[in-house]
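The values are calculated or read from the model by the stated rules, or taken from the named source; none is laboratory data. Treat the numbers as computed from the prediction; the structure is a model and nothing was measured. A quick note on method: Cβ atoms are made from the backbone with ideal geometry, for glycine too, and the neighbour counts reach across all protein chains shown. For the accessible areas, the whole protein counts, side chains as well, though only heavy atoms, and no ligand, DNA or RNA atoms are used. Shrake-Rupley method; radii C 1.70, N 1.55, O 1.52, S 1.80 Å.
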Amino acid sequence: MTLLKWALICFVISLIAGGLGFTGIASGAGSLARILFGLFLVIAIVIVVIAFAVGQAVF
């Protein structure tokens, strides 16, 4: 959940920086938010697949 929280923080920073005209900071924060969110999704999918595999092995 920490990755998702940091992705959300970077997204909010990107929105605020873009609104104030700091396009370089907004672009960097947006890219970082996208990377963190993608990493969160990959880890979450792997955990779900492992949980299903272990659940099938138990039953």
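On alpha carbon coordinates alone, what is the Rg over Rh value for the chain, Rh being the Kirkwood radius? Intermediate values should be presented prior to the final figure.
Values: Rg = 16.4 Å, Rh = 12.8 Å.
Here Rg/Rh amounts to 1.28.
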| Loop chymotrypsin sites (Phe, Trp or Tyr not before Pro), the range 1-56, which have at most 14 other Cβ atoms in a 10 Å radius of their Cβ (DSSP) | none
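Under the definition of Cα pairs under 8 Å and six or more residues apart, what whole-number percent is the relative contact order of the chain? Write out the running numbers ahead of the final one.
Details: 39 pairs, mean separation 21.4, N = 59.
Computed value for the chain: 36 percent relative contact order.
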| remark: So the carbon and sulfur contribution to the accessible area of the chain, 1.4 Å probe, in percent, is 82
